[in-house]
Protein chains: 2
Amino acid sequence: VSRLSLNQITTQHWSLREAVEGCAEAGIGRIAVTREKVGEPGLSEAVRMLGDAGLEVTSLHVGGRFPAATAAERRERRDDNRRAVDEAAELGAPVLSLLAGPSPDRDLDAARGMVEDGIAELIPYAAERAVTLGIEPLHPTFAGDRSVVVTLGEANDLLDRLDSPAVGVTIDAYHVWWDPALLPQVERAAGRIAGYHVDDWPVPNDCPFLSRAMMGDGIIDLPRLTAAVDRAGYAGPIEVEIFNDEIWRQPGRRVLGLVKERYREWIEPALTAAG
Amino acid sequence: VSRLSLNQITTQHWSLREAVEGCAEAGIGRIAVTREKVGEPGLSEAVRMLGDAGLEVTSLHVGGRFPAATAAERRERRDDNRRAVDEAAELGAPVLSLLAGPSPDRDLDAARGMVEDGIAELIPYAAERAVTLGIEPLHPTFAGDRSVVVTLGEANDLLDRLDSPAVGVTIDAYHVWWDPALLPQVERAAGRIAGYHVDDWPVPNDCPFLSRAMMGDGIIDLPRLTAAVDRAGYAGPIEVEIFNDEIWRQPGRRVLGLVKERYREWIEPALTAAG
């Protein structure tokens, strides 16, 4: 399945070992790992396990969470983000996904400034270790508790100002599909797309955090978005990243089967690059 | 309480009569009514009831829902919207709130086109009856099931193209607060703001449909937004419109007391116009 990468959040109840074995069995050659799951066996054991299986690690999830009320807390985040970059380098993950983080108070502009400052400060550290930072705008439904960066346009503006090849944008269908400026902003991201995540938005979707749908089970025009990302020149891995309680409760093998099937149906036909 | 209008959605379990009596008792002189609640006693009885109480009707909620899969369905919506305009005129409501409606399929662009066509078609009918159409962009969390118009920028673009004094934009804090382009878009809306709704976004807010908070109980910078709406020259009624299961279960009198208290604390100090 060309370019498909399993973000292990999709099989949340699997350990790293189970996810690695599951990918091998399903013939999926790429995986995006989370710091939590990697931390369970420990970093060196995780590296060995992934290497033995010959799995390509496409990204590490997640750094960021820059805004904080005090300078001391912001320093703690900075240190933690450096550790995340080190972990990504050790894992051979070319990309560290960045979640902007929420605002500590009502001042979103100030929080957005802290995100920019935090990334700017992290760039040299990441660049030295050949890790690309992938800032991921989240759906505005998460603006209060997870990310003050909520549109692709906002992420592109950030990239313009940061002006560094060590930082790019991660485009996740679930987070961006609603945006009237979607296609022009995907085009504008050309050359700095650090990742592409696929999933779907179900209708109704009254509680969006844990109701992310499998590709094809929602209303996102995935072929159109995928073609736009492809036209923008992105030829990297495509991660399936699904936060969904119901999917998490299903056996991982069955989930991986469905992931492959839906990827072939909804994503692959729109791709021109083999990656 | 200058300019405060109770949107009767805030007291969802009250009949129109109870809401009218509640407003009188609380010294609130303005009310925004819903078609459902007005329909219970019937339009003429509702008009009489509101007139007897000397209540100013600030808007009628809600018309719109333009996109539909077939031309026949779109004609039905058109007819229903004309009835809504008639009702607003009969009630003496200067504004009919418009909900864009969701897309019938994955093609958001087409659905957005249907919204524009639907409003354009409704404009002469509304203008003849002196009813202003207030298009209300909803938070993108409602993009799948309630409205394809999800940003103030998108609404402003629509207004530019429709180019008619019979249509304006209704700004609701809950729907627009997250937008990095918020303040410039409020400024751009100057002269065409048809309504301003206040409420709050709680944190966390995992299920946003029925968790809208009372002003002050969330993270929206209401004084800043209110000052921006004020600077844009809006001097009309300010509606409190709260969809919240928990608030709905409280006694209406207590809710109205809290509405007044929070309005005085969070909204009124930012106003320069008496309205």
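The values are calculated or read from the model by the stated rules, or taken from the named source; none is laboratory data. This is a predicted model, so every value here is computed, not measured. Note: ideal-geometry Cβ built from the backbone for every residue, glycine included; neighbour counts use all protein chains shown.
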Considering only residues that are within 14 Å of chain B (Cβ to nearest Cβ) and aliphatic (A, V, I, L, M), which ones fall in the stretch A:199-220?
A:Val203, A:Leu210, A:Ala213, A:Met215, A:Ile219, A:Ile220
Got a sec? Which of B:Arg82, B:Arg112 is in contact with a Leu (Cβ under 8 Å, 6 or more places away or on another chain) and among the basic types (Lys, Arg)?
B:Arg82
Just a yes or no: is a residue in the stretch A:258-275 over 22 Å from A:His175 (Cα atoms), surrounded by 17 or more Cβ atoms within 10 Å (Cβ to Cβ), at pLDDT 95 or above and in contact with a helix residue (DSSP H, G or I) (Cβ under 6 Å, 6 or more places away or on another chain)?
no
B:Leu158 passes all but one of the listed conditions (1) within 19 Å of the chain's Cα centre (by Cα); (2) surrounded by fewer than 17 Cβ atoms within 10 Å (Cβ to Cβ); the exception is number (2)
Yes or no: the stretch A:119-141 includes at least one residue that is out of contact with any helix residue (DSSP H, G or I) (no Cβ under 6 Å at 6 or more places or on another chain) and within 27 Å of B:Ala213 (Cα to Cα).
no
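Does the stretch B:184-193 contain any residue that is surrounded by fewer than 18 Cβ atoms within 10 Å (Cβ to Cβ), in contact with a Lys or Arg (Cβ under 9 Å, 6 or more places away or on another chain) and at the interface with chain A (Cβ under 10 Å from one of its Cβ atoms)?
Kept after step one, since they are surrounded by fewer than 18 Cβ atoms within 10 Å (Cβ to Cβ), are these residues of the stretch B:184-193: B:184, B:187, B:190-191.
Restricting the remaining residues to those that are in contact with a Lys or Arg (Cβ under 9 Å, 6 or more places away or on another chain) gives B:187, B:190.
With at the interface with chain A (Cβ under 10 Å from one of its Cβ atoms) added as a condition, the list becomes none.
For the stretch B:184-193, residues surrounded by fewer than 18 Cβ atoms within 10 Å (Cβ to Cβ), in contact with a Lys or Arg (Cβ under 9 Å, 6 or more places away or on another chain) and at the interface with chain A (Cβ under 10 Å from one of its Cβ atoms): absent.
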The number of residues in the stretch A:235-254 that are assigned to a loop (DSSP other than H, G, I, E, B) and in contact with a helix residue (DSSP H, G or I) (Cβ under 9 Å, 6 or more places away or on another chain) is 4
Considering residues that are touching a Leu at 6+ places or on another chain (Cβ under 8 Å) and closer than 20 Å to B:Leu271 by Cβ, the number found within the stretch B:24-56 is 6
Can you tell me which residue within the stretch A:82-138, out of those that are of a type in the set (Asp, Glu) and over 20 Å from A:Arg192 (Cα atoms), is surrounded by the most Cβ atoms within 10 Å (Cβ to Cβ)?
A:Glu87
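Could we say that A:Pro67 is out of contact with any Cys (no Cβ under 8 Å at 6 or more places or on another chain), surrounded by 22 or more Cβ atoms within 10 Å (Cβ to Cβ) and within 14 Å of chain B (Cβ to nearest Cβ) here?
Values: out of contact with any Cys (no Cβ under 8 Å at 6 or more places or on another chain): yes; surrounded by 22 or more Cβ atoms within 10 Å (Cβ to Cβ): yes; within 14 Å of chain B (Cβ to nearest Cβ): yes.
Yes: the conditions hold for A:Pro67.
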Consider B:Ser211 carefully, then state whether it is under 22 Å from A:Tyr174 (Cα atoms) and either among the aliphatic types (A, V, I, L, M) or within 16 Å of the chain's Cα centre (by Cα) (or both).
no
Based on what the data block shows, is A:Pro223 within 12 Å of chain B (Cβ to nearest Cβ) and either charged (D, E, K, R) or assigned to a helix (DSSP H, G or I) (or both)?
yes
Spot the failing condition for A:Leu138; the list is (1) facing chain B (nearest Cβ under 9 Å); (2) under 30 Å from B:Asp217 (Cα atoms), and only one is missed.
(1)
For residues in the stretch B:20-74 being free of Cβ contacts under 8 Å to residues at least 12 places away in the same chain and assigned to a loop (DSSP other than H, G, I, E, B), which is farthest from the chain's Cα centre (by Cα)?
B:Thr70
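Tell me, which residue of the stretch A:75-107 that is within 14 Å of chain B (Cβ to nearest Cβ) and in contact (Cβ under 8 Å) with a residue 40 or more places away in the chain is nearest to A:Tyr125 (Cα to Cα)?
If we filter the stretch A:75-107 for residues that are within 14 Å of chain B (Cβ to nearest Cβ), which is where we start, we get A:100-107.
Retained after the next criterion (residues that are in contact (Cβ under 8 Å) with a residue 40 or more places away in the chain): A:100-103.
On the way: A:Ala100: 18, A:Gly101: 20, A:Pro102: 23, A:Ser103: 24 Å.
Ranking the qualifying residues of the stretch A:75-107, first place goes to A:Ala100.
Look through B:Thr151, B:Thr170 and report the one residue that is of a type in the set (Ser, Thr, Tyr), more than 10 Å from every other protein chain (Cβ to nearest Cβ) and crowded, with 24+ Cβ neighbours inside 10 Å. Break it down stepwise before answering.
Details: B:Thr151 fails: more than 10 Å from every other protein chain (Cβ to nearest Cβ).
Matching residue, one of B:Thr151, B:Thr170: B:Thr170.
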Would you mention how many residues in the stretch A:173-183 are in contact with a strand residue (DSSP E or B) (Cβ under 8 Å, 6 or more places away or on another chain) and surrounded by fewer than 18 Cβ atoms within 10 Å (Cβ to Cβ)?
0
